[in-house]
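Below: one structure, written as structure tokens.
The values are calculated or read from the model by the stated rules, or taken from the named source; none is laboratory data. Please read all numbers here as calculations on a predicted model, not as lab measurements. Here the Cβ positions follow ideal geometry from the backbone for every residue, glycine too, while neighbour counts run over all protein chains shown.
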Amino acid sequence: MTIQTQVFSEDAKRANWRDSFFLFEGIFYFFQGFYLTGMHTFLGVSMANFQMSLSVQASLSATIGLPTYLKMFFGLLTDRVPFAKFGRRRPYIALGALLYVPAFALLITMKEFNTLWVIAALTAQVAWVMVDTALDALTVDVTPSEKAGKIQGAAQSSKMAGMALGMLVVPLIGPRIGWTPTVVIIAIFALIQAGAALLFREIPVKREDLKNEMKLRMVIKQAFRKKTSWLSILFSIFFMGSIGLSSLISPYLLTTLGWSRSEETMAIFGVVNLIHYGAAALGAAIIGPFASKYKDNINFFAIVSILFWLCILPWFLVGNKSDSHFWVYASQFTYGLARGAMIVLTYSVVMRVCPKSIEGFMFATLTSSMNIGLYALTPNVIAFFVPRLGFASSLFTVVPFTMIGLLVLNIILKDLKVEQAVFVEEK
């Protein structure tokens, strides 16, 4: 068993904690949400302006996204290589912020596609991954378990609000004021995001503390030999995966309902996304305090899961009519509200299961597992059933994923209680 030294203990987290961390977390994720949607829009417009085929755009997007597939290794770097005088996580956040500068300087000035443009886009992605991964790990470092739900409520509600703003603002101002000043705004938001992360007061961790936590090889071996780690991966895949209906909803609106065929319906599509992410921000903010209070209560997770699926029922009223605007608004609102709540619950659990001293590595591993469910498993299952059952009914084919997640979570919560009891007894 990995020895828990003082710097990694709950007592150290409580002594270091400041309520201002909620504000810093909220600021960071608000600007991250705007940055994510803004940057995605800019890169998509740029590739379209370069007159690339869809297949080339898909390949290029996968290449630019390469750093996100390697987040766990960035996390491992921040776990095990602290800067003696400057901290364990914040130096990597600062380095990521510095990388933004040359990346955006190139993207702003380049008007033609070439290898340098790809390098600039990759550099911006590396910068984002460094900042995001280090902040995720830092959040785990400084947050006592009883505040995990509240901190994730602040993070996810702010992120959704930022994404809602980005989805609305960037497509509007880009064509009007030009993409160069728009990218400058996105770059400024990226730097504000990194600056907010630097405001956290980090618990000092020295190389000697990490040596006391056993050698890296042994820590990782212990982590993946634990039943809880593998159960947490399953929980991340299935519980988060069952939330990921949005990857099919947008194509349904644009193709089946034909909203991509006119400027009017595209404008409505933008409003629909704004409603969805705004509702998700509200749902995340509401559930945060409850997630902290009932963090060990499997019945609480089950009730919220049932409410989530009840919030999907309005999709049966949409039908296949292109003028079903009201019911699309209503369906996206209820889905967004429930989605925000479920995301907070998932992240609050993931924070608590990360082994001490390799929090960054494990958190990034589990968030990567979430992406398997969100972008690989759920969309393909739903898409398989759409021709057979219809769109609304097909959404409910992933209800078993939620049930699997809850069954696994019940075991995880029991294991966490046992681990906490053993730690208190040893202490």
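Considering each residue of segment 74-106, count those that are more than 27 Å from residue 182 (Cα to Cα) and out of contact with any strand residue (DSSP E or B) (no Cβ under 9 Å at 6 or more places or on another chain), and give that number.
Residues flagged as more than 27 Å from residue 182 (Cα to Cα) and out of contact with any strand residue (DSSP E or B) (no Cβ under 9 Å at 6 or more places or on another chain) within segment 74-106 amount to 16.
Would you say residue 357 is at positive phi and of a type in the set (S, T, N, Q)? Let's see the steps before the verdict.
Working: at positive phi: yes; of a type in the set (S, T, N, Q): yes.
Spelling it out, residue 357 is indeed at positive phi and of a type in the set (S, T, N, Q).
Quick check on segment 356-375. Is at least one of its residues surrounded by fewer than 16 Cβ atoms within 10 Å (Cβ to Cβ), in the same structural domain as residue 278 (by TED's automatic domain parsing) and under 29 Å from residue 26 (Cα atoms)?
Residues of segment 356-375 that are surrounded by fewer than 16 Cβ atoms within 10 Å (Cβ to Cβ), as a first pass: 375.
Checking which are in the same structural domain as residue 278 (by TED's automatic domain parsing) leaves us with 375.
Okay, now just the ones that are also under 29 Å from residue 26 (Cα atoms), so 375.
The answer is yes; a qualifying residue exists.
Within the group 199, 165, which residue is assigned to a helix (DSSP H, G or I) and either hydrophobic (A, V, I, L, M, F, W, C) or at pLDDT 90 or above (or both)? Before the answer, list the steps.
Numbers: 199 fails: assigned to a helix (DSSP H, G or I).
After ruling out the rest, the residue left standing is 165.
Tell me whether segment 311-326 contains one or more residues that are at pLDDT 95 or above, assigned by TED's automatic domain parsing to the domain that holds residue 286, under 23 Å from residue 152 (Cβ atoms) and part of a helix (DSSP H, G or I).
Looking through segment 311-326, none of the residues is at pLDDT 95 or above, assigned by TED's automatic domain parsing to the domain that holds residue 286, under 23 Å from residue 152 (Cβ atoms) and part of a helix (DSSP H, G or I).
Which members of segment 394-427 meet the condition of being at pLDDT 95 or above and of a type outside the set (A, V, I, L, M, F, W, C)?
397, 400, 402, 405, 410
Across segment 6-46, what is the total count of residues that are farther than 30 Å from residue 205 by Cα and without any contact (Cβ under 8 Å) to a residue 60 or more places away in the chain? Spell out how you get there, then give the answer.
Taking segment 6-46 and keeping what is farther than 30 Å from residue 205 by Cα, we get 34-46.
Add one more test, that the residue is without any contact (Cβ under 8 Å) to a residue 60 or more places away in the chain, and what stays is 40, 44.
So the answer is 2.
Could you please find all residues in segment 107-123 being part of a helix (DSSP H, G or I) and either touching a strand residue (DSSP E or B) at 6+ places or on another chain (Cβ under 6 Å) or closer than 18 Å to residue 40 by Cβ (or both)?
We begin by selecting, within segment 107-123, every residue part of a helix (DSSP H, G or I); these are 107-109, 115-123.
If the condition is that a residue be part of a helix (DSSP H, G or I) and either touching a strand residue (DSSP E or B) at 6+ places or on another chain (Cβ under 6 Å) or closer than 18 Å to residue 40 by Cβ (or both), then 107, 108, 117, 118, 120, 121, 122, 123 are the ones that fit.
Working carefully through the options 30, 22, 74, find the one that is hydrophobic (A, V, I, L, M, F, W, C), surrounded by fewer than 20 Cβ atoms within 10 Å (Cβ to Cβ), assigned to a helix (DSSP H, G or I) and at pLDDT 85 or above.
Numbers: 30 fails: surrounded by fewer than 20 Cβ atoms within 10 Å (Cβ to Cβ); 74 fails: surrounded by fewer than 20 Cβ atoms within 10 Å (Cβ to Cβ).
On inspection, the qualifying residue turns out to be 22.
Scan 166, 195, 241 and give me the residue that is over 22 Å from residue 315 (Cα atoms), surrounded by 22 or more Cβ atoms within 10 Å (Cβ to Cβ) and either touching a residue at least 24 places away in the same chain (Cβ under 8 Å) or assigned by TED's automatic domain parsing to the domain that holds residue 131 (or both). I'd like the intermediate steps shown before the answer.
Working: 195 fails: surrounded by 22 or more Cβ atoms within 10 Å (Cβ to Cβ); 241 fails: over 22 Å from residue 315 (Cα atoms).
166 is the lone residue from the list that is over 22 Å from residue 315 (Cα atoms), surrounded by 22 or more Cβ atoms within 10 Å (Cβ to Cβ) and either touching a residue at least 24 places away in the same chain (Cβ under 8 Å) or assigned by TED's automatic domain parsing to the domain that holds residue 131 (or both).
Using beta carbons and a limit of 8 Å, which pairs, at least six apart or on different chains, have the first residue in segment 117-136 and without any contact (Cβ under 8 Å) to a residue 12 or more places away in the chain and more than 15 Å from residue 60 (Cβ to Cβ) and the second one buried (at least 20 other Cβ atoms within 10 Å of the Cβ) and hydrophobic (A, V, I, L, M, F, W, C)?
none
Which of the residues belonging to segment 77-102 are buried (at least 23 other Cβ atoms within 10 Å of the Cβ) and either assigned to a loop (DSSP other than H, G, I, E, B) or outside the structural domain of residue 190 (by TED's automatic domain parsing) (or both)?
88, 89, listed by residue number.
Between a residue in segment 84-104 that is closer than 13 Å to residue 74 by Cα and any residue that is crowded, with 24+ Cβ neighbours inside 10 Å and hydroxyl-bearing (Ser, Thr, Tyr), which pairs come within a Cβ distance under 7 Å, given they are 6 or more apart or on different chains?
Every condition considered, the pairs that remain are 88/78; 89/78; 92/78.
Please specify each residue of segment 287-299 satisfying the condition of being more than 19 Å from residue 143 (Cβ to Cβ) and either crowded, with 16+ Cβ neighbours inside 10 Å or among the basic types (Lys, Arg) (or both).
298
Kindly list, by first and then second residue, each pair from a residue in segment 335-349 that is buried (at least 24 other Cβ atoms within 10 Å of the Cβ) to a residue that is among the basic types (Lys, Arg), limited to pairs with Cβ atoms under 7 Å and residues at least 6 apart or on different chains.
348/295
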